[in-house]
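One structure below.
The values are calculated or read from the model by the stated rules, or taken from the named source; none is laboratory data. Predicted, not measured: the structure shown is a model, and the values here were computed from it. Note: ideal-geometry Cβ built from the backbone for every residue, glycine included; neighbour counts use all protein chains shown.
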Amino acid sequence: MKAFQFVTARDSRHALALMGAHGSSGRFLAGGTDLLVELKSASGVPELIVDIAGLEELKGIAVNERGLRIGAMVTHSEIMASSIIRELAPALAEAAHTIGAVQTRNLGTLGGNLVTGVPSMDGGPALMALEAQVTVMGAEGCRHLPICEFFRGPRKTALGPAELLQEIVIPARNLGKPTKFLKFGLRKGQALALVNVAASLWVNWDEHVFVEPRIALGAVAPTVMRAKHAESHLEGRAITPEVMTEAGDFAAAEADPISDFRASAGYRRDLIAVLVARALAGAYACAKAEHEGKAR
Amino acid sequence: MTNLTLNVNGEIRSASVPPETTLLDLLRDYFSLTGAKRGCDVGDCGACTVIVDGKPVNACLMLAGQAHGRAVLTIEGLATRERLHPIQTAFEERAALQCGFCGPGVILSAKALLERNPNPTVRDIRDAISGNLCRCTGYTKMIEAIQEAARALRGETRERAVPVPVEGARP
Ligand SMILES: Cc1cc2nc3c(=O)[nH]c(=O)nc-3n(C[C@H](O)[C@H](O)[C@H](O)COP(=O)(O)OP(=O)(O)OC[C@H]3O[C@@H](n4cnc5c(N)ncnc54)[C@H](O)[C@@H]3O)c2cc1C
């Protein structure tokens with residue numbers, strides 16, 4: 001690794017001030033599982049690394065009036081172990097479990113995962129299917145934006161060079177919304193997604209129709225994306241396996257996958273169709289189990 | 001330079017290192033603890049696994065400065081002069097290692113697992129060591145050894161006290 005300066009930030013003001021003074025030649029360090037790999041290979045190494053592990057404002061998992069708040073510095077292991085997340089947004093815990101291996105999950109954070117802006121990130125789809133919001137902190141204060149506006153392109157986000165991702169909030173109205181996350185990689189362990197998918201839905205049981213179906217796809221476009229044609233195909237429609245398959249075909253058509261050394265674009269499209277139908281069936285199964293549990 | 005103080009295998013150690021030093025460099029090059037291996041150096045192989053504050057991590061993906069004030073356990077801290085750790089005993093008895101390069105990492109991953117979960121299923125074990133690549137064994141004997149160690153640590157089998165070879169005593 002090339003030489004750089006290393007500072008442990010005391011709090012967010014300190015971190016933002018340091019970065020403000022360094023502009024684009026500085027980088028924040030969260031878990032380091034992405035940044036260290038980059039530093040070891042990159043030619044243009046930053047002058048300053050600011051360790052943000054001690055920032056209290058970026059920690060914690062709790063329910064508040066806005067919804068379920070997850071601090072950006074929460075690790076994937078903490079997400080898997082959180083009883084609050086497992087109860088209110090279990091798909092997030094399932095997604096966290098698919099990230100790397102134990103060692104990576106113990107260091108890697110949800111915030112770091114989102115800020116990388118890597119299209120195959122496993123932390124993104126379930127949050128997008130639950131219409132999460134993120135809070136961005138700058139020297140001037142905080143701004144909130146929907147997660148789909150946070151991602152701007154491959155490895156590009158809405159963050160300015162001297163801004164921190166502070167927290168992710170799943171809105172209160174979507175807590176407990178039946179959701180399923182699925183990832184297809186070339187191996188079970190330690191594999192990046194060829195395609196990952198999350199689907200969430202409510203069911204109107206009187207008419208047995210989809211309500212607010214949300215589908216998010218990863219690794220098949222410049223950013224994690226919503227499959228809006230597939231969603232509108234489902235909205236208000238009677239729930240059948242056939243209609244789920246149709247939604248999968250819509251999603252495959254509206255995605256924009258690339259061919260690379262992991263898979264061809266055509267193979268990725270086939271995976272989208274299958275995974276979307278399965279994720280919808282999985283979310284529906286969760287909804288049904290809960291509905292029958294209540295009825296009993 | 002980054003000045004740091006940390007607990008390594010129960011001892012307080014200090015060092016002054018260039019900021020770009022990783023925890024793996026610190027352990028191997030400054031403290032001469034070469035049990036953690038440099039394999040891929042990018043977090044894929046797990047040969048550098050050490051336990052930081054109770055959690056297995058890849059030492060190659062942590063800057064030394066991030067370990068300031070923390071407790072690090074390496075394979076050198078597992079056995080005492082008199083006795084191997086039950087996981088090490090089980091690995092020896094089951095011949096669970098071949099070339100041994102991945103061994104320190106696998107054993108520390110197993111230790112962290114058994115501390116959290118004294119009675120793991122085969123699936124739990126596979127999950128716990130999925131970040132430790134082994135190109136010799138095919139993992140089967142490792143999994144058996146970890147199950148055996150779990151039984152020993154639960155007190156279900158009588159442990160044999162295997163003496164640690166004393167340095168210089170071997171031919
Ligand atoms: C072996 C291995 C396997 C992996 N497997 C997967 C996988 O299966 N799925 C997957 O999605 N990812 C995977 N990753 C990628 C990586 O581990 C994750 O993306 C992880 O969540 C990154 O988080 P971090 O805290 O380590 O980020 P860091 O490396 O610390 O930071 C990443 C980037 O985000 C910035 N940053 C971090 N936090 C903030 C913040 N709060 N505010 C502003 N900027 C911030 C940093 O400046 C840096 O640019 C893997 C990585 C490795 C090494």
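Counting only residues that are of a type outside the set (Val, Ile, Thr) and more than 10 Å from every other protein chain (Cβ to nearest Cβ), give me the strands (runs of 3 or more DSSP E) lying completely in the range B:1-110 with at least 1 of them. Before you say what the answer is, go through the steps one by one.
Working: elements: B:2-8, B:11-17, B:49-52, B:55-58, B:71-73.
Once the strands (runs of 3 or more DSSP E) in the range B:1-110 are filtered for at least 1 residues that are of a type outside the set (Val, Ile, Thr) and more than 10 Å from every other protein chain (Cβ to nearest Cβ), what remains is B:2-8, B:11-17, B:71-73.
If you scan the range B:15-43, which residues turn out to be surrounded by 18 or more Cβ atoms within 10 Å (Cβ to Cβ), in contact (Cβ under 8 Å) with a residue 40 or more places away in the chain and not hydrophobic (A, V, I, L, M, F, W, C)? Once the filter is applied, which keeps residues that are surrounded by 18 or more Cβ atoms within 10 Å (Cβ to Cβ), in contact (Cβ under 8 Å) with a residue 40 or more places away in the chain and not hydrophobic (A, V, I, L, M, F, W, C), the range B:15-43 yields B:Glu20, B:Thr21, B:Thr22, B:Gly35, B:Lys37, B:Gly39.
If only residues of the range A:103-112 that are within 14 Å of chain B (Cβ to nearest Cβ) and in a helix (DSSP H, G or I) are counted, the one that is nearest to the ligand (Cβ to nearest atom) is A:Gly112. Checking the stated criteria, A:Leu145 turns out to be assigned to a strand (DSSP E or B), of a type outside the set (Phe, Trp, Tyr) and without any contact (Cβ under 8 Å) to a residue 24 or more places away in the chain. Which of the numbered conditions does B:Thr2 fail, given that it passes all the others? Conditions: (1) under 16 Å from B:Pro104 (Cα atoms); (2) at pLDDT below 95. B:Thr2 satisfies every listed condition except (1).
Of everything in the range A:113-122, what is near the ligand (Cβ under 6 Å from one of its atoms) and part of a loop (DSSP other than H, G, I, E, B)? Give them in sequence order. Correct list: A:Met121, A:Asp122.
Here the condition is being over 22 Å from A:Phe181 (Cα atoms) and either touching a helix residue (DSSP H, G or I) at 6+ places or on another chain (Cβ under 7 Å) or within 8 Å of the ligand (Cβ to nearest atom) (or both); of A:Leu36, A:Leu92, it holds for A:Leu36 alone. Against the numbered list (1) modelled with pLDDT under 95; (2) buried (at least 22 other Cβ atoms within 10 Å of the Cβ), B:Gln66 comes up short only at (1).
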